[in-house]
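The values are calculated or read from the model by the stated rules, or taken from the named source; none is laboratory data. Predicted, not measured: the structure shown is a model, and the values here were computed from it. Every residue, glycine as well, gets a Cβ built from its backbone with ideal geometry; the counts of neighbours run over all protein chains shown. Remember, those area values only see protein heavy atoms, side chains included, never the ligands or the DNA or RNA. Shrake-Rupley method; radii C 1.70, N 1.55, O 1.52, S 1.80 Å.
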Amino acid sequence: MSEVKQIFKPNREFAANARIKNMCEYQALQDWAIEDYEGFWGSYAKEKITWAEPFTNVLDESSAPFVKWFDGGKLNVSVQCVDRHLETRKNKAAIIFEGDRGDVQAITYLDLFKNVNRFANLLKEDFGVTKGDRVVIYMPMIPETAYAMLACARIGAIHSIVFGGFSAEALRDRIEDAEAKVVITADGSFRKTKPYMLKPVVDVALEGETPVEKVLVVERNNEDVAWKSGRDYSYNELIKDKSSQCEAEIMDAEDPLFLLYTSGSTGKPKGVQHNSAGYILWAQMTMEWVFDVKENDTYWCTADVGWITGHTYIVYGPLAMGATTVMFEGVITFPDAGRPWAMVENHRINQFYTAPTAIRVLHKMGEDAPAKYDLSSLKVLGTVGEPIDPPAWKWYYEEVGNSNCAIVDTYWQTETGGHVVSPLPGATPIKPGCATLPLPGIMAEILDPATGEVSEVGETGYMCITKPWPAQIRGVWGDEERYVKSYFGDVKKDDKAVYFTGDGARYDEDGYITITGRTDDVINVSGHRMGTAEVEAAIKKHANVAEVAVVGKPHELKGEGIFAYIVLKSDDGVADEVEEVKAINGIIKKEIGNIALCDDIVFAPGLPKTRSGKIMRRILRTIAKGEKITQDISTLEDPTVVAKLEEMVNG
Ligand code: PRX
């Protein structure tokens with residue numbers, strides 16, 4: 001099935017000054033990569049990275065899918081992001097911080113250098129953190145979070161940021177899996193002007209046995225928090241006497257930079273590992289190409305630093321290229337839906353990057369809000385994390401961008417480290433809801449999983465990347481087998497296992513790529529990845545739950561919502577549904593966090609299963625969507641359950 005979509009050409013004036021100015025330039029770069037893959041990447045690595053020692057080999061695939069990029073090269077990512085800018089950008093704002101309550105702070109590259117160095121000295125001297133140690137960061141959106149990340153990078157420690165919305169249990173699991181010795185947190189921050197606490201969550205996560213020896217607490221909101229002597233230390237106190245000079249540890253190109261846990265198709269999140277040189281190279285290159293940030297521009301990504309978007313496109317990418325990055329502590333709809341537009345006006349923001357969920361919410365809450373502000377500074381608008389629907393796209397393009405800005409619908413994942421399929425704002429004609437084309441150097445192809453052939457136009461196939469790329473995931477922490485099985489088990493091209501993203505996609509007649517969504521049991525709630533198995537594992541902790549199946553369901557604002565079918569143990573039905581739902585949501589909140597709360601819970605008489613006991617989730621998804629069942633159900637163990645569920649859910 002082919003589809004006709006409206007096409008919007010890049011703004012000519014913008015294109016004339018863009019780094020990649022037209023499709024010929026795009027194609028020339030991609031052709032170069034196709035013809036001389038190592039030459040392409042080697043040349044960019046040489047040009048972009050400040051090496052302490054040059055690399056001797058571009059790509060080593062001899063142990064694929066375990067690959068090495070830029071072997072022999074030595075560098076430090078904090079030098080790439082901070083030190084190397086001091087000569088020309090010492091007094092330029094590296095970070096513009098806007099607090100929840102409107103407090104603004106500009107941090108220059110020189111300030112950043114000093115703060116990162118002090119932080120690094122603190123971790124080294126007071127906590128004995130050394131190269132290879134894991135440090136968990138459970139922080140709000142404040143500048144100290146960026147200092148903490150770069151301080152870890154400076155001394156060679158591996159950070160693992162846990163999103164501040166995760167519960168104590170989720171935090172505990174991630175701390176234990178990474179065997180972290182230090183946790184960096186804050187007393188809390190401000191959300192909608194109220195204190196939002198983090199330290200008490202850390203206290204619960206560390207109860208009982210824990211690998212954590214020390215906790216560093218940044219005092220941000222100065223609320224009273226419990227203090228465990230000998231374990232908890234105040235950043236604000238310890239930092240006072242630290243020197244602002246800390247020698248950067250010289251790291252191998254393939255030394256790990258960070259872990260970031262993400263959901264997969266089992267109940268246990270995966271510690272996605274990214275290494276130094278390849279990751280930072282692609283973070284920087286995509287910042288330059290996809291957002292086309294210029295020297296005097298101000299760029300804002302609204303993500304939380306606890307997700308990959310915050311890592312690559314708030315901290316590492318912008319700072320590696322020497323940009324000014326805005327960091328926002330608060331909630332973008334507070335005090336009203338004009339908040340982001342007021343920030344664009346006040347800071348003269350040139351590139352704005354957010355998730356479709358945020359766009360939908362801002363649209364719904366304040367359709368006319370953008371018109372009340374001066375948004376003329378905007379040049380590029382980005383989206384990430386989930387497909388963007390045409391009405392949201394149209395509003396973003398017309399009302400926010402004044403039909404004058406490129407929309408870059410960036411497709412990528414925690415595992416890809418940076419964008420892989422995206423328009424280039426000065427070159428690519430765009431179509432609403434379409435991520436368009438692979439970026440130069442990325443061999444992204446939609447393949448038919450059965451044959452390994454490239455999918456036909458209009459056919460949904462598997463979104464794959466057929467050659468390693470520098471910012472590729474290097475492993476699942478502590479589980480080599482899971483890395484191979486999760487990403488290189490499903491699709492083979494020319495008899496070689498290739499990276500499969502887990503997403504379906506299709507080409508249109510122009511070769512443009514539209515992402516159709518996950519093919520596995522991962523759902524995408526407000527642009528956040530959620531494993532249905534993870535939610536199921538949490539729900540199963542309720543003593544009265546016999547069986548549970550969780551599926552995604554389209555949701556007007558969140559993209560997908562969470563729909564749970566639960567079979568209770570007691571035969572007498574549900575005594576009090578409201579209480580039972582409350583109890584189940586309470587468990588989810590405790591085990592994972594508010595982000596995993598169910599939108600719908602149905603107490604089912606049974607689940608549709610094959611005779612071998614496999615739950616037929618496809619049927620459950622169809623019912624949740626309110627659609628008619630068309631698949632054959634005669635092979636089910638108990639086909640009558642389907643009609644009962646249909647009746648319960650859709651009347
Ligand atoms: O399903 C795809 C969806 O988000 C998943 C990756 O989630 P995560 O690792 O949490 O990273 C989110 C931020 C990069 C993908 O497998 N996704 C991401 N970007 C898009 C998207 N779906 C459609 N269009 C996109 N632009």
Considering only residues that are more than 16 Å from the ligand (Cβ to nearest atom) and either of a type in the set (A, V, I, L, M, F, W, C) or surrounded by 21 or more Cβ atoms within 10 Å (Cβ to Cβ) (or both), which ones fall in the stretch 255-269? Pro256, Leu257
Filtering the stretch 30-58 for residues that are of a type in the set (A, V, I, L, M) and surrounded by fewer than 18 Cβ atoms within 10 Å (Cβ to Cβ) leaves a count of 2
Can you confirm whether Arg339 is more than 24 Å from Arg172 (Cα to Cα), free of Cβ contacts under 8 Å to residues at least 24 places away in the same chain, surrounded by fewer than 24 Cβ atoms within 10 Å (Cβ to Cβ) and not hydroxyl-bearing (Ser, Thr, Tyr)? yes
Filtered residues of the stretch 443-463 (kept if within 16 Å of the ligand (Cβ to nearest atom) and either in contact with a Leu (Cβ under 6 Å, 6 or more places away or on another chain) or over 22 Å from Asp495 (Cβ atoms) (or both)): Thr460, Gly461, Tyr462
Residue by residue through the stretch 363-385, note down the ones that are within 16 Å of the ligand (Cβ to nearest atom) and open to solvent by less than 20 Å² (accessible area, probe 1.4 Å). Val380, Leu381, Gly382, Thr383, Val384
The residue from Ile184, Ile95 that alone is of a type in the set (A, V, I, L, M), in contact with a Pro (Cβ under 7 Å, 6 or more places away or on another chain), more than 30 Å from Lys467 (Cα to Cα) and crowded, with 21+ Cβ neighbours inside 10 Å is Ile95
Can you say whether Lys609 is basic (Lys, Arg) and open to solvent by 80 Å² or more (accessible area, probe 1.4 Å), as far as the supplied structure shows? no
Quick check on the stretch 564-586. Is at least one of its residues within 16 Å of the ligand (Cβ to nearest atom) and buried (at least 20 other Cβ atoms within 10 Å of the Cβ)? no
Looking only at the stretch 511-522, how many residues end up being open to solvent by less than 10 Å² (accessible area, probe 1.4 Å) and more than 9 Å from the ligand (Cβ to nearest atom)? 1
Hey, among the residues in the stretch 386-396 that are at pLDDT 95 or above and more than 15 Å from the ligand (Cβ to nearest atom), which one's surrounded by the fewest Cβ atoms within 10 Å (Cβ to Cβ)? Lys394
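Which one is nearest to Ala596 (Cα to Cα), of the residues in the stretch 536-552 that are in a strand (DSSP E or B) and more than 16 Å from the ligand (Cβ to nearest atom)?
If we take residues in the stretch 536-552 being in a strand (DSSP E or B) and more than 16 Å from the ligand (Cβ to nearest atom), then Val550 is nearest to Ala596 (Cα to Cα).
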Scanning the stretch 619-630 for residues that are surrounded by 12 or more Cβ atoms within 10 Å (Cβ to Cβ) and not small (Gly, Ala, Ser), the one nearest to Gly651 (Cα to Cα) turns out to be Ile623
If you go through the stretch 356-369 one residue at a time, do you hit one that is assigned to a loop (DSSP other than H, G, I, E, B) and either among the hydroxyl-bearing types (Ser, Thr, Tyr) or under 22 Å from Ser422 (Cα atoms) (or both)? no
Between a residue in the stretch 201-216 that is within 23 Å of Ile239 (Cα to Cα) and any residue that is open to solvent by 10 Å² or more (accessible area, probe 1.4 Å) and of a type in the set (D, E, K, R), which pairs come within a Cβ distance under 7 Å, given they are 6 or more apart or on different chains? Val212/Lys181; Glu213/Lys181; Lys214/Arg231; Val215/Arg231
Quick check on Thr357: is it within 16 Å of the ligand (Cβ to nearest atom) and closer than 30 Å to Ser263 by Cα? yes
Leading residue by the ranking (farthest from Thr514 (Cα to Cα)) among those in the stretch 401-431 that are hydrophobic (A, V, I, L, M, F, W, C) and within 14 Å of the ligand (Cβ to nearest atom): Ile407
Within 22 Å of Ala283 (Cα to Cα) and acidic (Asp, Glu): which single residue out of Glu35, Glu53, Glu13 fits that description? Glu53
Got at least one residue in the stretch 171-192 being part of a loop (DSSP other than H, G, I, E, B) and within 23 Å of the chain's Cα centre (by Cα)? yes
Checking Ile314 against (1) under 12 Å from the mean Cα position of the chain (by Cα); (2) of a type in the set (A, V, I, L, M); (3) not in a helix (DSSP H, G or I), only one condition comes out false. Which one? (3)
Selection within the stretch 282-306 - open to solvent by 10 Å² or more (accessible area, probe 1.4 Å), outside any loop (DSSP other than H, G, I, E, B), under 20 Å from Ile96 (Cβ atoms) and of a type outside the set (Ser, Thr, Tyr): Glu288
In this structure, does Gly382 turn out to be within 24 Å of Val331 (Cβ to Cβ), of a type in the set (Gly, Ala, Ser) and touching a residue at least 40 places away in the same chain (Cβ under 8 Å)? yes
For the stretch 232-254, enumerate the residues that are aromatic (Phe, Trp, Tyr) and open to solvent by 30 Å² or more (accessible area, probe 1.4 Å). Tyr233
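Take the conditions touching a residue at least 60 places away in the same chain (Cβ under 8 Å), under 22 Å from Pro269 (Cα atoms) and more than 15 Å from the ligand (Cβ to nearest atom) and apply them to Ala533. Does it pass? Walk me through how you get there before you give the answer.
On the way: touching a residue at least 60 places away in the same chain (Cβ under 8 Å): yes; under 22 Å from Pro269 (Cα atoms): yes; more than 15 Å from the ligand (Cβ to nearest atom): yes.
So Ala533 passes the test.
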Quick check on the stretch 484-510: of everything there that is among the small types (Gly, Ala, Ser) and open to solvent by 30 Å² or more (accessible area, probe 1.4 Å), which residue is farthest from the ligand (Cβ to nearest atom)? Ala497
If Thr383 meets every condition in (1) closer than 12 Å to Trp341 by Cα; (2) modelled with pLDDT of 95 or more apart from one, which number is that one? (1)
Which count do you get for residues in the stretch 540-554 that are within 20 Å of Lys614 (Cα to Cα) and over 25 Å from the mean Cα position of the chain (by Cα)? 6
